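Everything on this sheet refers to the single structure shown next.
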Amino acid sequence: MTKLGQWLWGLALLGSAWAALALGPLGPRVPPPCRQVLLPLPVYLLVAFGCYSLATVGYRLATFNDCEEAAAELREHIGAARADLRRRGLRF
C-alpha cells in the first residue's frame, strides 16, 4: 500500500468515527457539551495542520544550508557556456 493509500485509509477511518460520534445516526448519544466540541473538530484539525505545515516550511527555510562549492561550480559552468557561445558568434 502506498503512503497516499495509508493516509486516505486513516482519514476515512477518523472521518467515519467523527461522523458516528458527531452526527449520531446509529451510535451512542453524546452529551450536548461534547457534541459542541465534536462538530467543529475537523475545522480545528485542518487549521492546526495548516499552522504546523507553515511552521515547518518556515523553519526549513530559515535553516537552509548554502552550498558554496556548488555555487562556484555553477558559475564556472556558466562562464564556460558563455565562452562557448561567444566563440560561436552569439553576443550578450
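The values are calculated or read from the model by the stated rules, or taken from the named source; none is laboratory data. These numbers come from a predicted model, not from an experiment. For accessibility, only protein heavy atoms count, side chains too; no ligands or nucleic acids. Shrake-Rupley method; radii C 1.70, N 1.55, O 1.52, S 1.80 Å.
Tabulated data
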read-out	value
Helix 68-87 vs. the chain, principal-axis angle (Cα, 0 to 90°, nearest 10)	50 degrees
Difference of contour (0.36 nm per residue) and Cα-Cα distance, Leu11 to Ala48	11.8 nm
Radius of gyration and maximum dimension Dmax of the chain, Cα, Å	27.1, 82
Expected 222 nm ellipticity per residue - DSSP helices of 4 or more, -39500 (n - 2.57), all of the chain, to 500	-25000 deg cm²/dmol
Within the accessible area of the chain (1.4 Å probe), percent carbon and sulfur	69 percent
Degrees between helix 41-62 axis and first principal axis of the chain (Cα, 0 to 90, nearest 10)	20 degrees
Surface per residue (accessible, 1.4 Å probe) for the chain, Å²	93 Å²
